[in-house]
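Here is the structure we will look at.
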Amino acid sequence: MDAVPCLEFFGHLHDLFRIERYANLAALPHGGDLNPLDPRIERMVEDWIGQMTALFPSPWFHIGLDEPWDLDRAARAGAGTDPAKLYVDHLARVAGLVRRRGKRVLFWADVASGARLFEKYPQFASSLPEGTVPVPWYYHAAKDYSMMLAPFRKARIPEIIATGIWAWETIAPNFQVTFTNIDGYLGEGRRDGTLGIINTNWADDAQILYRATEPGVAYGAIAGWQNAPVDRAAFFRNYAAALYGDAAADVAVGLESLTAAEVSMTAARGAEDMYRLWDDPLIPQVLARARAHLADLRQARLEAETAQEHLEAAAAGHPESLACPLLDARLLDYAGMKFLYAVEIADRYAALNASSSREDISFWLGTQTAGRNHSRIADLMDLITELRDVYKAQWDAEYTSYRRGTALGRFERRVRILAPPASQDLGNAPRP
């Protein structure tokens with residue numbers, strides 16, 4: 001076992017440059033990339049490297065350098081500097097600082113992902129500092145991964161591949177995409193003689209709870225340590241049997257159903273369904289998509305409810321690792337309910353007209369839609385407030401408080417939108 005430091009020494013540094021003391025070190029004002037033309041940068045980077053190499057005895061050191069989104073604009077602003085040269089020169093400087101500390105250098109190589117630097121600047125592969133190991137990263141399910149390794153095959157440069165646990169923008173991890181990505185990309189890497197695999201886990205939406213991704217972590221470890229492909233059909237059963245004893249059968253079914261629910265929700269709402277969870281469901285384009293995917297939304301709820309049943313049965317004895325996937329199942333159920341209810345409410349409203357009786361209006365818009373006790377809006381209010389509290393508890397069990405308020409604010413906003421005035425009497429609702 002080894003702990004390898006992974007820092008960012010080009011992009012992804014906005015959290016530093018938003019601080020006014022450091023803002024003028026950025027390539028663009030309060031931006032995300034450092035300015036490699038600023039002579040103060042090398043001193044700062046050298047100080048970081050010194051601190052981190054003192055903390056980590058690993059022979060490896062990962063310097064980041066992915067997704068320098070400001071690169072082209074910053075290069076134009078820097079007296080017309082060539083972006084490719086700017087990037088390669090900075091890579092060489094940072095790699096040299098790390099090598100002087102006796103470490104072997106890794107860096108993220110944007111090939112067909114991110115800033116696609118190796119597509120835009122094909123000369124990169126032959127310009128890498130000697131001994132520097134690129135890590136081409138790609139997280140999608142694809143039929144062919146050869147394009148990711150082509151630049152390094154041509155230049156005869158060894159690489160380490162980077163797969164991904166598809167969970168950074170989804171309500172629950174999409175293990176179907178995850179396993180396909182690991183199997184396919186690792187297979188291509190083995191044919192290329194890759195040095196190894198980094199199975200990545202990200203939190204782009206700032207809402208993911210990492211404990212739900214543990215099966216993906218295990219799958220990547222197994223895939224990397226054995227020559228034969230993972231038995232994907234039996235994986236959840238084998239995984240659960242190794243970790244959960246008498247609860248293994250429930251855990252396996254729960255994880256299988258949770259994955260199926262996420263796949264159906266992705267079909268209904270798109271690959272960024274955690275963001276879509278917070279959409280106003282009555283916006284015309286959102287409503288139209290929900291209406292076109294009623295079967296997917298219903299299937300997502302059915303699978304999520306099956307996952308809840310089995311994960312609840314197992315969670316009592318294993319709360320640390322199963323509380324998060326159980327929460328994900330409940331969030332998927334809520335999402336399906338929200339968009340299905342929106343279609344039902346909109347369709348019923350559209351069916352009312354000037355000739356509708358006051359009794360019908362009161363029944364459909366009052367009792368059925370917004371009644372105080374048992375109605376569609378009451379259901380959504382009850383669920384989102386309960387899920388907010390469960391989510392907060394799981395966040396606190398896993399993280400510090402950083403960005404917790406941002407994540408919980410999305411729950412709070414849904415509550416404020418749904419809450420009717422205390423004195424509302426929909427029995428006297430105006431005619432549509």
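Some notes on this structure:
- Among the residues of region 13-24, those identified as in a loop (DSSP other than H, G, I, E, B), at pLDDT 95 or above and surrounded by 12 or more Cβ atoms within 10 Å (Cβ to Cβ) are L13, R18.
- Verdict on A241 being in a helix (DSSP H, G or I) and more than 28 Å from G270 (Cα to Cα): yes
- From D72, D47, D89, residue being modelled with pLDDT of 95 or more, out of contact with any strand residue (DSSP E or B) (no Cβ under 9 Å at 6 or more places or on another chain) and outside any loop (DSSP other than H, G, I, E, B): D47
- Residue tally, condition part of a helix (DSSP H, G or I) and among the polar types (S, T, N, Q), over region 351-369: 4
- Taken over region 336-373, the criterion of being aliphatic (A, V, I, L, M), crowded, with 18+ Cβ neighbours inside 10 Å and at pLDDT 95 or above is satisfied by M337, L340, A342, V343, I345.
- Among the candidates L311, L258, residue that is in contact (Cβ under 8 Å) with a residue 24 or more places away in the chain, in a helix (DSSP H, G or I) and either under 20 Å from V177 (Cα atoms) or assigned by TED's automatic domain parsing to the domain that holds H140 (or both): L258
- Among the residues listed as A295, A261, the single one being of a type outside the set (K, R) and farther than 15 Å from T170 by Cα: A295
- Extreme residue, nearest to S146 (Cα to Cα), among residues of region 92-128 that are of a type in the set (S, T, Y) and outside any loop (DSSP other than H, G, I, E, B): S126
- Residues of region 98-117 that are closer than 13 Å to I157 by Cβ and under 24 Å from the mean Cα position of the chain (by Cα): L106, F107, A109, V111.
- Among the residues making up region 314-348, those that are farther than 21 Å from R414 by Cβ, touching a residue at least 12 places away in the same chain (Cβ under 8 Å), out of contact with any Leu (no Cβ under 7 Å at 6 or more places or on another chain) and of a type outside the set (S, T, N, Q) are G317, H318, E320, A323, R348.
- Verdict on P129 being touching a strand residue (DSSP E or B) at 6+ places or on another chain (Cβ under 8 Å) and modelled with pLDDT under 95: yes
- Output for region 261-296, where each listed residue is part of a helix (DSSP H, G or I), among the hydrophobic types (A, V, I, L, M, F, W, C) and surrounded by fewer than 23 Cβ atoms within 10 Å (Cβ to Cβ): V263, A267, V286, L287, A288, A292, L294, A295
- Residue that is farthest from P173 (Cα to Cα) [pool: residues in region 221-252 that are in contact with a helix residue (DSSP H, G or I) (Cβ under 6 Å, 6 or more places away or on another chain) and among the β-branched types (V, I, T)]: V230
- In this structure, L327 qualifies as under 30 Å from G245 (Cα atoms) and either at pLDDT 95 or above or assigned to a loop (DSSP other than H, G, I, E, B) (or both).
- Contacts under 7 angstrom Cβ, first residue in region 138-159 being among the hydroxyl-bearing types (S, T, Y), partner in a helix (DSSP H, G or I), 6 or more apart: Y138/M148; Y138/Y185; Y139/N181; Y145/G184; Y145/Y185; Y145/E188; S146/E188
- K392 being at pLDDT 95 or above and surrounded by fewer than 16 Cβ atoms within 10 Å (Cβ to Cβ): yes
- Residue among D250, D273, D231, D246 that alone is in the same structural domain as R191 (by TED's automatic domain parsing) and either among the acidic types (D, E) or without any contact (Cβ under 8 Å) to a residue 40 or more places away in the chain (or both): D231
- Verdict on L65 being without any contact (Cβ under 8 Å) to a residue 60 or more places away in the chain, at positive phi, assigned by TED's automatic domain parsing to the domain that holds P151 and touching an Asp or Glu at 6+ places or on another chain (Cβ under 8 Å): yes
The values are calculated or read from the model by the stated rules, or taken from the named source; none is laboratory data. Everything numeric in this text was worked out from a predicted model, so none of it was measured. Note: ideal-geometry Cβ built from the backbone for every residue, glycine included; neighbour counts use all protein chains shown.
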